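Report on the following structure.
Laboratory data are not the source of any read-out in this text; all were calculated from the coordinates shown. Since this is a predicted model, take the numbers as computed values, not measurements. Methodologically, a virtual Cβ is constructed for each residue, glycine included, from the backbone with ideal geometry; neighbour enumeration extends over all protein chains shown.
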């Protein structure tokens, strides 16, 4: 089972519809041939580098995949959906993701073929 198996309908993703860190580690193990422990460390370190960059407010661009950006949201007034009463929404930082055109095309083609 290789990395591409996750996107072609076989492997762990086809079984439970969620791709986990363990699934990524297993795919790297099968594709690259490193030990499972080394693959786990590689996946964990990659994700940690992305998180650290986002914590510093940096943009993370993964070519052919997409862009993660940190955005600052201003304070504003909202409403409690249950009661309709006004409620203050405090300023906060959020992460947004914009998929690349390549990813959008692949997802669209996968839906059309299904």
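Data for the structure
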| item | result |
| --- | --- |
| Helix 101-113 axis, angle to the chain major axis (alpha carbon atoms, nearest 10°) | 70 |
| Highest to lowest packing among 59-68, 80-89, scored as the average C-beta count within 10 Å | 59-68, 80-89 |
| Protection-proxy order for peptides 98-107, 39-48, each taking the mean of Cβ atoms within 10 Å per residue, highest first | 39-48, 98-107 |
| Relative contact order computed over segment 57-114 (Cα-Cα under 8 Å; 6+ residues apart), in percent | 35 |
| The chain: mean projected area of Cα convex hull, nm² | 10.4 |
| Nearest-ten-degree value, helix 21-32 long axis tilted from longest Cα axis of the chain | 30 |
| In nm, spacing of pseudo-spin labels at residue 52 and residue 30 (7 Å Cα→C-beta vector) | 3.0 |
| Taking the C-alpha atoms of segment 57-114, convex hull volume expressed per residue in Å³ | 106 |
| Amide N proximity, segment 81-114 versus residue 71 label position 7 Å along Cα-to-Cβ, cut-off under 19 Å | 89-101, 104 |
